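The values are calculated or read from the model by the stated rules, or taken from the named source; none is laboratory data. Here the structure is a predicted model, which is why all the values come from computation and not from measurement. Ideal geometry is used to build each Cβ from the backbone, glycine not excepted, and the neighbour counts take in all protein chains shown. The area values use the complete protein model at the heavy-atom level, side chains included, leaving out ligands, DNA and RNA. Shrake-Rupley method; radii C 1.70, N 1.55, O 1.52, S 1.80 Å.
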Amino acid sequence: MNLVNELSRIQQESDIIARDSWGYKKASVFRVVGRHMINVWRLMKGEMSLTSYTFENIAYHLLRYRTPYYSNETLTTWNKRCVPVLKHRLYRYYADRAKMNLDMLDVADIIKRTSESARIFGIDFYSVLVRGSQFRVESIMFRIAKPENYVLITPSRKQVGEQRAIECLPLTLEPNSQYYNSPVVVLDFQSLYPSIMIAYNYCYSTCLGRVRAPGDDTAFGVCKLDIQKELFETLKDNIIVSPNGVMYVDHSIRKGLLGKMLEDILNTRVMVKRSAKDYVDDKGLLRMLDIRQLTLKLIANVTYGYTSASYSGRMPAVDIADSIVQTGRETMERTIKFINEHPTWGGKVVYGDTDSVFIHFPGKTRSEAFTLGNEISEQITKMNPAPIKLKFEKVYHPCVLLAKKRYVGSKYEFPTTLEPEFEAKGIETVRRDGTAATQKILKTSLKMLFKTQDMSQIKDYLYRQWTKILSNRVCLQDFIIAKGVRLGTYTEQSLPPGAQVAYKRMEQDPRAEPQYGHRVPYVVIYRDGPNAKLNEQVVHPEELLSDNSLRLNAEYYILKQIIPPLSRVFNLIGVDIKGWYDEMPRSQKAMALSFSHYFGNEARKINRIDQYYTSSHCIICRDITSQPICPSCLKQTSKSIFTLISRQKEAQKKWNNISLICNSCSQLPPVLSNSIESGDTEHPCNSLDCKVFYERNRTKNDVYALSIYDTLIDQWPVLDT
DNA sequence: CAGCATTCCTAT
DNA sequence: TGAGATAGGAATGCTG
């Protein structure tokens, strides 16, 4: 069946599915004539920030709906077996997913939002989804330009390419890296670049070229600009000169097109936001107004980008772009100088990036900081031409500035705020290229630091976590790393781990090929000795779960994933996290590590009970031990047997409960779920995004290990009672 | 081991 | 038949 033709609005002779590299990276892989193809996955990737963009995970986070995942292998089996009930299950699986795709578009409000954006930009529906921000800016700009009889130039690709490089950079201060116990006030210039374009009349339609001597080069942006001397004579009292030496006429001569457009956009946004307050009861309308104001904000923010689109721009102008950035930079510099030199405020600027300033007030209270922050905001706003406005954002108390674009603190937004909010920028708690374990441990440690400053409490916490990891008493889900993979862009030698895993899976199943940009999960295991490359120590989580000879590389996770981010923070206050780890009681570490004598390539197969042993904790009391049952439990034989039996019952009961959950999620009739001996097939779902899946695996191992207690009893020492 | 390139993801 | 920008940190592996 040629599905593409079937879906198409016209019948084509060719049965070739049109593929192209752009579609592969940006859209929906294949094209259907007369239809808008929406790649729901790619769309959702831009909509929400997740560590995994599998269908099941998007369904869970967007629709709040748990849905099963069946491997291609399982589905193929169902199809081949010619059992009606299995075929039915197969078709229903796909039908459910097809429907859920529509539900996703519905819940995320994609159609409504796209339509609304199309209306505001004045472009068609599909262009909102597939075309870039230049198209939007131009669409709006054209509508203002036309009535004023402006003609937009159309430089050739060559002209755009030959444009000189950008010279001006935004100001990013190197922060004074430390722990700040006194309040730090954060202020932001509101829409700085749009405000500058409006305030200083920077525009294509107002520029008079660079300040130059007669005979100097007249190059301007992608072309030349040579204003006659006589004209300057006429305009000489109405010229604004930007910090990078470009002249613009002031508002009294001509109001710049960009400024007008941005003023319109920002004013409309204010209006929309205000009118939203009148419709608090109408949820639907409110939502639409919100979409509208966000769209307006977006377009204001990318207008600067339009002027500086040096790579792909249709009408860029470096000189204008430089004017905007350099003015922003000088505005920042003036602000910082003014604050630092103010006689009474007593604040010091400790960090700032592009349009924000962080002011530390040593020894001041939080409420004083609020008052001063508002005063500074007022003063600085007054010093700058409208509509440039320095806005009070928040107070961090306390906070840690780590590096440029990396900081974290307890955030207070209002003087009345009682419970501060944990806010982190750029550090591992907000990055998605590490593990959930790192995020959780770092976040918890930081919260403890902010709340109590009690190092011994943090040390206890970290010891507990490290011990858990070393003894393998952790949920695998927290140790999965998933980074974006772009197959086809890598050189042969040394693939990134994600790509490595993807290629390996494709050998088994060509349809395991990840879509361009998909996040491929992997875990790091012990393999090939301590000097192995990371590349050679990674496997897909499923492989670790199904192969009992593999073991999570606890040392890698602790030493490479968890300790470095912690150290970066705690080194600033003189705490040596790595030292803590090194001095952790030997018995605990050595015990766990003795199992990590790498299994090597010819991985010896060990059965489940051995695997359970390697998890290195006593199956009775769950303390760390190198034996299946620790010496102290061995001594108390009768008590231990009793515990064992009750634990066995416990585990079986847990297994039954989990089975119920999985069956209802998979909508399998209960009769199909047999007891544990029937093998792995009784729960066909293995969704790596589902917490229950991991619990099920763990419980299965528990049930199995505990079920052979009688063989252990055979080896039991002579009864002590 | 330093220095550099590649890769990923985030801040603005 | 498509393409807003740069700065920046960190991990990893290669090269000299």
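A few points about this structure:
- Within the option set A:Ser191, A:Ser182, A:Ser139, being within 16 Å of DNA strand B (Cβ to nearest atom), open to solvent by less than 50 Å² (accessible area, probe 1.4 Å) and of a type outside the set (D, E, K, R) holds for one residue only, A:Ser191.
- Of the residues in region A:411-433, at least one is within 16 Å of DNA strand C (Cβ to nearest atom), open to solvent by 20 Å² or more (accessible area, probe 1.4 Å) and of a type in the set (A, V, I, L, M).
- Failed item, numbered, when A:Thr234 is tested on (1) more than 26 Å from A:Lys146 (Cα to Cα); (2) of a type outside the set (D, E, K, R); (3) open to solvent by less than 50 Å² (accessible area, probe 1.4 Å): (3)
- Listed by position, the helices (runs of 4 or more DSSP H) contained in region A:97-198 that have at least 3 residues being of a type in the set (A, V, I, L, M, F, W, C) are A:110-121, A:125-130, A:133-145.
- If the condition is being open to solvent by less than 50 Å² (accessible area, probe 1.4 Å), free of Cβ contacts under 8 Å to residues at least 60 places away in the same chain and not β-branched (Val, Ile, Thr), then region A:626-645 contributes A:Cys630, A:Cys633, A:Ser640.
- Taking every residue in region A:44-66 that is within 14 Å of A:Arg519 (Cα to Cα) and pairing it with any residue that is within 16 Å of DNA strand C (Cβ to nearest atom) and part of a helix (DSSP H, G or I), at least 6 positions away or on another chain, the pairs with Cβ-Cβ distances below 6 Å are A:Tyr53/A:Lys45.
- Within region A:531-545, the set of residues being away from DNA strand C (no atom under 12 Å from the Cβ) and in contact (Cβ under 8 Å) with a residue 24 or more places away in the chain comprises A:Val539, A:His540, A:Pro541, A:Glu542, A:Leu544, A:Leu545.
For every residue, the table says whether it meets (1) on the phi > 0 side of the Ramachandran plot; (2) open to solvent by 70 Å² or more (accessible area, probe 1.4 Å).
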site	(1), (2)
A:Ala27	no, no
A:Ile38	no, no
A:Lys45	no, yes
A:Phe55	no, no
A:Ser71	no, no
A:Asn101	no, no
A:Asp109	yes, no
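- Flag for A:Glu162 being closer than 30 Å to A:Arg568 by Cβ, open to solvent by 60 Å² or more (accessible area, probe 1.4 Å) and not assigned by TED's automatic domain parsing to the domain that holds A:Ile239: no
- Counted residues, region A:207-224 - those being crowded, with 24+ Cβ neighbours inside 10 Å and touching a Lys or Arg at 6+ places or on another chain (Cβ under 6 Å): 0
- Strands (runs of 3 or more DSSP E) wholly inside region A:322-425 containing at least 1 residues that are under 19 Å from A:Ile196 (Cα atoms) and within 16 Å of DNA strand B (Cβ to nearest atom): A:348-352, A:356-360, A:390-403
- Any hit, region A:140-151, residues being under 34 Å from the mean Cα position of the chain (by Cα) and within 13 Å of DNA strand C (Cβ to nearest atom): no
- Pairing residues of region A:379-406 that are open to solvent by 60 Å² or more (accessible area, probe 1.4 Å) with residues that are modelled with pLDDT under 90 and among the β-branched types (Val, Ile, Thr), at Cβ distances under 6 Å and at least 6 apart in sequence or on separate chains, gives A:Lys404/A:Thr172.
- A:Glu492 among the acidic types (Asp, Glu) and outside any loop (DSSP other than H, G, I, E, B): no
- Residue count for region A:468-494, restricted to those that are in contact (Cβ under 8 Å) with a residue 40 or more places away in the chain, of a type in the set (A, V, I, L, M) and near DNA strand B (Cβ under 10 Å from one of its atoms): 2.
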